[in-house]
Amino acid sequence: MLPVLLLRWLEDYEMEEVLNAIPHRPPLLFADRIIEFSGPTLKTTKEIKPDHPVFAGHYPGQPIMPGALICESIFQTGAILLSKMMGSISGGVPVLTRINNAKFKSIVKPGNTLDIEAELVEKVSNAYFMKGKASVAGKTSVTVDFTVTVTKEVP
């Protein structure tokens, strides 16, 4: 078993890798660590913590993760994928420009760990057509097709 300090360092390192890849920050950061990067596909995870502020209102007494935020975890994983493929997204910000075929298949609850996957399907000019999936314990929660463009940062 790894010593507690080593585990904390490893968690911090994994989070740092995510923070270096995209501009998102807590409480709107929905990827905790990169699990795998292989060609046009990247996998991340997100621990759904019971104390996340969203659960105060969605829904009190019966908290579930909003589907839009599960989609956001997929979109952020796609942005991390672009950052890894391009070396960085410096000089630009990944912006979601299209959502298609979103399907919500199962509920995500506090305490679950989301396994998230994004895949680059096609690049046309500065548009990156992607598809993604989020699941819990092997059971698909959400699938979605989406498009991201990298826009210039506002000075």
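Any read-out appearing in this document is the output of simple, stated calculations on the displayed coordinates, not a laboratory observation. Treat the numbers as computed from the prediction; the structure is a model and nothing was measured. Cβ placement follows ideal geometry from the backbone for every residue including glycine, while neighbour counts extend to all protein chains displayed.
For the pair N100 and S125, a Förster radius of 22 Å applied to the C-beta separation gives a FRET efficiency near 0.75, rounded to the nearest 0.05. Ignoring lysines fewer than eight residues from K123 along the same chain, the ones with Cα atoms less than 26 angstrom from its Cα are K43, K84, K103, K131, K133, K152.
Note on E47 and K84: their simple-model spin labels are 2.1 nm apart, each label 7 Å out from Cα toward Cβ. Basic side chains Lys and Arg get +1 at the Cβ, acidic Asp and Glu get -1 at the Cβ, and with that the dipole of region 4-152 about its Cα centre reaches some 420 debye. For region 33-44, 3J(HN,Hα) computed residue by residue from phi via the Karplus equation (6.51, -1.76, 1.60; θ = phi - 60°) reads 7, 8, 9, 7, 10, 9, x, x, 10, 9, 10, 10 Hz, glycine and proline entered as x. Using alpha-carbon positions, what is the distance between the centroids of region 72-142 and region 38-56, in Å? Their Cα centres are 11 Å away from one another. For N112, the residues whose modelled amide H falls within less than 5 Å of its own, excluding neighbours fewer than 5 places apart on the same chain, are I48.
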